[in-house]
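This report concerns only the one structure given below.
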């Protein structure tokens, strides 16, 4: 595994494609994001840990975080990098952070992410990950959101799609099935989104690139 982890590198072309899409549209849908061996290992780890370490997900940040089953019902576990698959994923996302900063000057400073598990009946209501004009607040220093999917053989009747909206529009701009090794990347304060009710176990990794407390850079799509 060590050798495979060391060989996990993004291509310059992939980073170019992501940067171009973020600059032009503010989001990108990627069908084959990671090396398959790494996606397989992350899925195995998510399944293994879901029943013993995942906790009910809250809303809000830090001291204001609370459980609200009317808003979201999934469970989560933050990635700490204490396993080879976790470290390989964090390294991959670090390469992307540096590549986007070189191309777009976004001032991305840090990346945080967690496993998510949606059991049958779980959902997450429409929400924004950050709010315009409030980028220096603890919650809103999230600039770029990522969702990576870990669901082989996902069917159209399994639910759990991500709905991405343009501002206050009622109809979704994009409907994204949580298909294995797919990834969505989008501006955190621009696209409200929700997760439809899942009809079977659904696994993903949700993440956020952040700026530091003194950064004010922001990319407008």
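Values as computed for the structure displayed
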{"read-out": "Tally, over the range 168-195, of residues that are more than 23 Å from residue 42 (Cα to Cα) and not in a strand (DSSP E or B)", "value": "11"}
{"read-out": "Test set (1) in contact (Cβ under 8 Å) with a residue 12 or more places away in the chain; (2) within 13 Å of residue 27 (Cβ to Cβ); (3) out of contact with any helix residue (DSSP H, G or I) (no Cβ under 8 Å at 6 or more places or on another chain) - residue 172 fails condition number", "value": "(1)"}
{"read-out": "Residue pairs meeting the criteria (Cβ under 6 Å; at least 6 apart or on separate chains; first within 13 Å of residue 150 (Cα to Cα), in the range 43-60; second assigned to a helix (DSSP H, G or I) and at pLDDT 90 or above)", "value": "45/85"}
{"read-out": "Hey, residue 104 more than 18 Å from the chain's Cα centre (by Cα) and buried (at least 17 other Cβ atoms within 10 Å of the Cβ) or not", "value": "yes"}
{"read-out": "Contacts under 9 angstrom Cβ, first residue in the range 125-149 being on the phi > 0 side of the Ramachandran plot and at pLDDT below 95, partner outside any loop (DSSP other than H, G, I, E, B) and surrounded by 13 or more Cβ atoms within 10 Å (Cβ to Cβ), 6 or more apart", "value": "133/140"}
{"read-out": "Scope the range 15-49; condition in contact with a strand residue (DSSP E or B) (Cβ under 6 Å, 6 or more places away or on another chain), within 22 Å of residue 116 (Cβ to Cβ) and either part of a loop (DSSP other than H, G, I, E, B) or modelled with pLDDT under 95 (or both); matching residues", "value": "33"}
{"read-out": "Residue check for residue 12: surrounded by fewer than 12 Cβ atoms within 10 Å (Cβ to Cβ) and modelled with pLDDT of 95 or more", "value": "yes"}
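The values are calculated or read from the model by the stated rules, or taken from the named source; none is laboratory data. Computed from a prediction, not measured in an experiment: that's the story for all the values here. Every residue, glycine as well, gets a Cβ built from its backbone with ideal geometry; the counts of neighbours run over all protein chains shown.
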